[in-house]
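As structure tokens, the structure follows; a few thoughts come after it.
The values are calculated or read from the model by the stated rules, or taken from the named source; none is laboratory data. Nothing here was measured: the structure is a model prediction, and the numbers come from that model. Cβ coordinates were reconstructed from backbone atoms using ideal geometry, including for glycine residues, and neighbour counts include every protein chain displayed. Heavy atoms of the whole protein, side chains included, go into the accessibility calculation; ligands, DNA and RNA do not. Shrake-Rupley method; radii C 1.70, N 1.55, O 1.52, S 1.80 Å.
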Amino acid sequence: MPQAFFAPSGGRLEPAPHARSWWVPSMTHGRLLGGLLARALEAEQGAEGMRFTRLTVDLFRSAPLAPLEVATTRIRDGHRIRVTEATVHSGDGVFAKATAVQLREGEQPPDPAPATPPWDAPGPETMAPHRVGATPERWHLEGRRTWVRETCELVEGEPMSPFVRAALAADTASPLAHAGEKELEFINADYSLYLSRMPEGEHIGVAAGGHSSGEGIAVGHCTLHDARGPIGYCMTAAVANPGVRPNTRPRARRGSSV
């Protein structure tokens, strides 16, 4: 397995060179900040019998490719709901924040609502992946759809949980929803991941469901899948980044995911 994205070092997390951003090589990739926030929330604020159902990640400031710390706090603790927050910070201040909602698992109602059907995508074992920098392996599908799989540990020596895998995959919603035919010209500002259940296995499918933009502001959404079926949704907002291009991102191709 390639080197982990981060290594523990004196209470902080030291990034590896390949944890750098698409946009600015001296910065840490934003999707990895979402992974670190999910990891800390699960480890420090997870509760028996409760499920992480929503994770909202605000990426309001670029983090340098330097040691980082993550702190969590509990906002609300009830019988059926727990609300928590986490921040990624260093001596230079706070770079990103996440709010998570956990709901208590229980009996499924007998009258089910109409559900999103499983997608018709071929399995990832039938296609050749590609990987660039801090992005995961991706299997291109027709349309704005892709399978993703992490090939690096997030933190050295730690197995990656399904929740952390989902948080990392959710960042893919922004380029899938907002890229043009030739370039990605919107930079992710936030995303909200909603999960009805945790993904099974290493592969997570992401399928763009919609995009709307005007005057440099874009919003969009994707559906997340595993091999068994849909697991949830991701909403994302992005802002135009004129004159700046991702330095390691392959060009989007018509009929393919980005």
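Residues with amide H under 5 Å of Ala63's amide H, sequence separation 5 or more or different chain, H placed in the peptide plane at 1.01 Å from N; which?
Residues meeting the criterion, in which the H sits 1.01 Å from N, are Thr28.
Karplus couplings for segment 191-206 from phi (6.51 cos²θ - 1.76 cosθ + 1.60, θ = phi - 60°), rounded to Hz, Gly and Pro as x?
With the stated coefficients, segment 191-206 comes to 7, 10, 9, 10, 10, 8, 7, 7, x, 9, x, 8, 8, 10, x, 10 Hz.
If I model a spin label as a point 7 Å beyond the Cα along the Cα-Cβ vector, how far apart are those points for Val83 and Ser26 in nm?
For Val83 paired with Ser26, the spin-label model returns 3.9 nm.
What is the set of long-range amide H partners of Met127 at a cut-off below 5 Å, with H atoms built 1.01 Å from backbone N?
HN-HN under 5 Å from Met127: empty list.
Quick one: net charge of Ala238's neighbours, Cβ under 10 Å, K/R +1, D/E -1? Working shown, then result.
Working: positive: none; negative: Glu185, Asp190.
Result for the local shell: -2.
With the other protein chains left in place, how much accessible area per residue, in square angstrom, belongs to the chain at a 1.4 angstrom probe?
Details: 12090 Å² over 258 residues.
Solvent-accessible surface per residue comes out at 47 Å².
How large is ³J(HN,Hα) for each residue in segment 16-28, as worked out from phi by the Karplus curve 6.51 cos²θ - 1.76 cosθ + 1.60 (θ = phi - 60°), to whole Hz, x for Gly and Pro?
Along segment 16-28, the couplings run 7, x, 7, 7, 5, 6, 4, 8, 9, x, 8, 10, 7 Hz.
Say each of Glu200 and Arg51 gets a label point 7 Å from the Cα, pointing the same way as Cα to Cβ; how far apart are those two points in nm?
Calculated label separation equals 1.3 nm.
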